[in-house]
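None of the figures in this text is laboratory data; all of them are computed from the coordinates on show. Everything numeric in this text was worked out from a predicted model, so none of it was measured. Note: ideal-geometry Cβ built from the backbone for every residue, glycine included; neighbour counts use all protein chains shown.
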Amino acid sequence: MADLLSEDEVEERLPEGWEREGDEIVRTFEFDDYMKGVNFAQLTGEIAEAQVHHPEMTIGYKEVEIRFTTHDAGGITGKDIDMAELLNTEART
């Protein structure tokens with residue numbers, strides 16, 4: 001099981017565009033149209049499956065909200081931060 005990050009560690013390591021909401025980190029990615037968001041959500045699912053760390057996702061018309069927490073640790077861990085960084089990289093490409 002991954003170790004929980006302290007509040008200071010979360011703040012220091014939180015990737016650009018992500019916010020802390022309680023025991024989760026959250027970001028809403030915006031897209032030019034619906035299908036680009038759906039494609040990003042599918043890519044996120046593929047990455048999550050490969051990393052065995054799955055987010056909550058909400059797909060909107062031109063946006064996708066992603067939420068990470070490490071359930072078995074009861075909060076935010078390095079796994080959540082790592083996944084957020086991966087998605088930031090994918091969103092730029």
Once label points are set 7 Å from the Cα along Cα→Cβ at both residue 56 and residue 39, what is their separation, rounded to one decimal in nm?
2.8
Near-label residues of the stretch 7-46 by backbone N, under 15 Å of a point 7 Å along Cα→Cβ of residue 71
24
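List the trypsin sites (Lys or Arg not before Pro) within the stretch 4-93 that fall in a DSSP loop (any state other than H, G, I, E or B) and whose Cβ has at most 15 other Cβ atoms within 10 Å.
Those that pass, being in a loop and sparsely packed, are 62.
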Could you give the dipole magnitude of the chain about its Cα centre, charging the beta-carbon of Lys and Arg +1 and that of Asp and Glu -1, in debye to the nearest 20?
380
Out of the chain, which chymotrypsin sites (Phe, Trp or Tyr not before Pro) are coil in DSSP terms and have no more than 13 other C-beta atoms within 10 Å?
61
Apply the Kirkwood formula to the chain: the hydrodynamic radius equals the inverse of the mean of 1/r over all pairs of different alpha-carbon atoms; give it in Å with one decimal.
13.3
How far apart, in nm, are two points set 7 Å out from the Cα along the Cα-to-Cβ line at residue 63 and at residue 11?
2.6
For the stretch 19-73, take every pair of Cα atoms, bin their distances at 10 Å starting from 0, and report each bin as a whole percent.
25, 50, 23, 2
